[in-house]
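These notes concern the structure reproduced below.
Nothing in this text is a laboratory measurement; each read-out follows from the coordinates by a stated rule. Being a predicted model, the structure only gives us computed values, none of them experimental. As a convention, Cβ positions derive from the backbone with ideal geometry for all residues, glycine included, and neighbour counts pool all protein chains shown.
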Amino acid sequence: MAGRVTPRRRGSYGMDAPFAPAFLAGLVLFYLVLAIVTGRAMFWLAVLFISALEALFIHTALRGKFVVWAELLAGLKLRGDERILDLGCGRGAVLLMAAQHLTTGRAVGVDLWRKVDQSGNSAEATQRNAVAEGVADRVELHTGDLRALPFEDNDFDVVLSNFAIHNISGRAGREKAISEAVRVLRPGGRLLIVDVRATQQFQAQLARLGMHEVARRGLGWWFQPARLVTARKPQPGR
Ligand SMILES: C[S@@+](CC[C@H](N)C(=O)[O-])C[C@H]1O[C@@H](n2cnc3c(N)ncnc32)[C@H](O)[C@@H]1O
């Protein structure tokens, strides 16, 4: 392994779903004005509650996900020669931490670089971050849709994804993304998905597809409502 990876980063990773914190900030302002004008306790409570949600959201995007994934990646106990695929890698928050666990392996990111899902999202921004984190020699970026991955079957030892698949609208589209994740994973390979919605759907589909060790769990009260779904692709004959 290429050394211990800490959540402290040198790159610049933007804000997830940047319209969400802007909307919450607008709501806080709205209730603050109401609270000051009317003096009613319920509006002060609304200010407190929405401010807490806003703080949780910003904490998750700027720090929480790095802490969570540092632990998840360490738990994989990688050798360093694996091929890892990050579905919807965005500016590389998880992809580049994964790359720091590799020596001869490759960390491959695929994305459509939607700025509505992450501020400043682009392949160029991710490439700059790869250089800033010192892993550009181990990172490959591809433009592609999670519903039709531009990779061969059984190509990756690990497939992971953070806060990406829920952005696909419609159950059928999300099911296609999960089927694609399984298709490109090699037999015995591991799948890890952290997401804020539809994780029960992912879990059920993975079980239906015959994946082994399918599990779903929370990631701590401060990382709500995200859930981790994990699974392993069966080896033929086992
Ligand atoms: C909230 S961002 C998360 C990015 C990154 N995983 C992270 O944790 O920082 C969601 C990402 O999913 C990507 N995305 C959404 N729908 C996609 C699709 N159908 N195919 C590929 N990427 C998609 C967006 O472009 C965006 O980069």
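Results, tabulated for the structure shown:
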quantity	calculated
All lysines inside 27 Å of Lys233 as judged from Cα atoms, apart from same-chain residues fewer than 8 positions distant	Lys65, Lys77, Lys176
The chain: angle of helix 171-184 to the longest principal axis, Cα-based, in degrees nearest 10	30
Ascending count of other beta-carbon atoms within 10 Å, so fewest first, for Leu149, Leu34, Leu78	Leu34, Leu78, Leu149
Degrees between helix 65-75 axis and first principal axis of the chain (Cα, 0 to 90, nearest 10)	30
For Leu192, residues with placed amide H under 5 Å, excluding near neighbours	Val159, Leu160, Ser161
Estimated FRET transfer efficiency (Ser51, Ser169; beta-carbon r; R0 41 Å; 0.05)	0.90
Test item: Cα-centred dipole of region 78-232, Lys/Arg +1 and Asp/Glu -1 on Cβ, debye	580
Residues Trp221, Trp69 arranged by fewest to most Cβ contacts within 10 Å	Trp221, Trp69
Positive dipole terminus of the chain, leading residue within Ala181, Phe49, Thr143 (C-beta point charges)	Phe49
Neighbour-count order for Met211, Met42, Met97, fewest beta carbons within 10 angstrom listed first	Met42, Met211, Met97
